[in-house]
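J.: Got a structure here, written out as structure tokens. Questions coming.
Every number in this text was worked out from the coordinates using simple rules, so none of it is lab data. It should be emphasised that the depicted structure is a prediction, and the values quoted were computed from it without experimental measurement. All Cβ positions, glycine included, derive from the backbone under ideal geometry; neighbour counts span all protein chains shown.
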Amino acid sequence: MQSPYKNYIKQEVEGATKGKLVLLLYDGAIKFMRIAVKAIDDKNIQDSHNNIMKAQNIIYELMSTLNMDAGDISKNLLRLYDFMVWQLIEANREKSKDKVESVIKLMSNLREAWREVVQKEEGTAKPETHEAEVRSINFAG
């Protein structure tokens with residue numbers, strides 16, 4: 001018998017739009033990277049390695065789902081994802097929490113931008129106010 005949590009996650013994924021699936025992938029990668037940072041702090045080499053690898057695998061999944069016919073944004077995302085993977089490889093080799101944290105920051109910014117896109121598609125975006133912080137992401141590197 002599945003736990004209620006696993007059943008909830010299964011239903012969430014099965015009923016998710018493509019945009020929400022991307023958000024779930026971002027959430028998973030960020031979660032695993034945060035666990036890896038804690039494991040590095042705790043000097044738990046195996047847990048840090050395992051969680052960095054999980055985050056890398058999610059980024060590889062994000063890379064594989066890009067529509068390369070969509071133009072420059074897909075190419076720029078591919079380069080950014082490639083950079084993130086490289087940073088994680090280096091972080092894993094060096095057990096560098098700073099490198100993992102830099103990828104968390106990049107991924108969090110992408111996730112926020114993607115969340116705004118999903119909300120606009122669903123018509124649930126909050127109206128902008130003058131106090132709202134406007135973020136731009138430079139994908140050109």
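J.: Within 13 Å, Cβ to Cβ, of LYS75, how many net charges do the neighbouring residues add up to if Lys/Arg are +1 and Asp/Glu are -1?
T.: For residues surrounding LYS75, the net value is -2.
J.: Ok, one more. Between GLU94 and LEU66, what length comes free when the chain is fully extended (0.36 nm per residue of separation minus the Cα-Cα distance, one decimal in nm)?
T.: Details: separation 28, 0.36 × 28 = 10.08 nm, distance 2.95 nm.
Answer, rounded to one decimal: 7.1 nm.
J.: Cβ neighbours within 10 Å, averaged per peptide: list 104-111, 66-73 in order, most packed at the top. Walk me through the numbers on the way to the answer.
T.: Working: 104-111: 17.0, 66-73: 9.6.
Per-residue mean Cβ counts within 10 Å order the peptides as 104-111, 66-73.
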